Amino acid sequence: MAESLGEKLRKAREDREISISEVAEQTRISALYLQSIENDDYGPLPGGIFNKGFIKSFAKYVGVDEGEALASYARIAALQEAAEDEKHAKYKPEVLTDDRSGPPLIPTIIFSVVILGLLAWGVMLLVNYLSAPSSPASDDSPGSKTTATNSTAPSPQKSPLPNIDGIKLKIGTSAAELSIQSTVDGKLGSFVVKPGNPWETEATDSVKVSYYKGLADTVQITLNDQKIETPIPPESWRKNGFDFEINKENIRKTLESGKIAIEGDGVGNTAPGNTEGGDNTAG
């Protein structure tokens, strides 16, 4: 019996004595996705061109012919699509109709409109009565004087910034899982975040994180106990991975604006037109 695509990739990896973690770190593909590919279970993968990119990178790293691997995956995808089409073809929705005759609706509609109009009129009278200004008490005693007092509403106070002596970053997600690659004060790491179980880290100088850009809108970020607006990669972002960095130079600006500034187009080109205030723009 011929080997499946997943079996072929797993055998090539094991023959080279390479771990799943090593492949994940070098290809920046989630270890869960790699295991799903080896098990020929493509359900957890994001689909489309991302699946092809994962297959190609996996095959290249473990020494399997990339073209042959992509051809095998194309056959698998075609079979899955055919199965889905057949499944939908078998489902025939039934349209249920009610042929029972009933009384005409026009009198009922007119009566409802009248009732609603009376209610609205009553509410307006009540609001006008409650909002009418009360007459000030008059002092008719001899020599009485009326003194006008100008009251000035207190101006709102700006919330103080959290402590910025260090970096305390927390990342959560609403997706089934989010694979994160991090560099914390120069130390590399790789983590998988799931709902209700955020990733947290503390740093002295800088924290750089990277994750799959297709899941960016599921990310929740807290910096030094302050919630930060979720950064969304622009359409011009070219890499599959989306990354940003918090460091001693930009932490104050990030906390003041509540946003993380995005620079570049994902391949190292600086984006023109970046504005003050941390607007998320890219060239």
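Can you say whether GLY117 is at pLDDT 50 or above, farther than 30 Å from GLN226 by Cβ and surrounded by 10 or more Cβ atoms within 10 Å (Cβ to Cβ), as far as the supplied structure shows?
Details: at pLDDT 50 or above: yes; farther than 30 Å from GLN226 by Cβ: yes; surrounded by 10 or more Cβ atoms within 10 Å (Cβ to Cβ): yes.
Taking the combined requirement at face value, the residue satisfies it.
Any residue that is outside any strand (DSSP E or B), outside the structural domain of GLY43 (by TED's automatic domain parsing) and closer than 20 Å to GLN26 by Cα - is there at least one of those in region 157-174?
No.
Evaluate the following for SER30: is it surrounded by 20 or more Cβ atoms within 10 Å (Cβ to Cβ), of a type in the set (Gly, Ala, Ser) and in contact (Cβ under 8 Å) with a residue 60 or more places away in the chain?
For SER30, the condition - surrounded by 20 or more Cβ atoms within 10 Å (Cβ to Cβ), of a type in the set (Gly, Ala, Ser) and in contact (Cβ under 8 Å) with a residue 60 or more places away in the chain - is met.
What do you reckon, is GLY186 small (Gly, Ala, Ser), out of contact with any Gly (no Cβ under 6 Å at 6 or more places or on another chain) and either within 30 Å of TYR211 (Cβ to Cβ) or modelled with pLDDT of 80 or more (or both)?
Criteria met by GLY186.
Go through (1) farther than 29 Å from SER36 by Cβ; (2) in contact with a strand residue (DSSP E or B) (Cβ under 8 Å, 6 or more places away or on another chain); (3) at pLDDT below 85 one by one and return the number of the condition ASN240 breaks.
Answer for ASN240: the failing condition is (1).
Condition check ((1) under 30 Å from ILE228 (Cα atoms); (2) modelled with pLDDT of 80 or more) across all residues:
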{"site": "SER134", "(1), (2)": "no, no"}
{"site": "THR146", "(1), (2)": "no, no"}
{"site": "SER151", "(1), (2)": "no, no"}
{"site": "SER155", "(1), (2)": "yes, no"}
{"site": "THR173", "(1), (2)": "yes, yes"}
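Any residue in region 67-89 that is at negative phi and of a type in the set (S, T, N, Q) sitting within a Cβ distance under 9 Å of a residue that is surrounded by 10 or more Cβ atoms within 10 Å (Cβ to Cβ) and not in a helix (DSSP H, G or I)? List the pairs, counting only those 6 or more apart or interchain.
Every condition considered, the pairs that remain are SER72/SER4; GLN80/TYR42.
Which of the residues belonging to region 175-191 are in a strand (DSSP E or B) and surrounded by fewer than 18 Cβ atoms within 10 Å (Cβ to Cβ)?
Correct list: THR183, LYS187, LEU188, GLY189, SER190, PHE191.
Evaluate region 161-175: report whether one residue or more is touching a residue at least 60 places away in the same chain (Cβ under 8 Å) and not aliphatic (A, V, I, L, M).
The answer is yes; a qualifying residue exists.
Listed here are the residues, each with its yes/no results for (1) assigned to a helix (DSSP H, G or I); (2) surrounded by 15 or more Cβ atoms within 10 Å (Cβ to Cβ); (3) touching a residue at least 40 places away in the same chain (Cβ under 8 Å); (4) not hydroxyl-bearing (Ser, Thr, Tyr).
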site: SER210; (1), (2), (3), (4): no, yes, yes, no
site: THR222; (1), (2), (3), (4): no, yes, yes, no
site: PRO233; (1), (2), (3), (4): no, yes, yes, yes
site: SER236; (1), (2), (3), (4): no, no, yes, no
site: LYS259; (1), (2), (3), (4): no, yes, no, yes
site: ILE262; (1), (2), (3), (4): no, yes, no, yes
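The values are calculated or read from the model by the stated rules, or taken from the named source; none is laboratory data. Being a predicted model, the structure only gives us computed values, none of them experimental. Note that each Cβ is placed from the backbone with ideal geometry, even for glycine, and that neighbours are counted across all protein chains shown.
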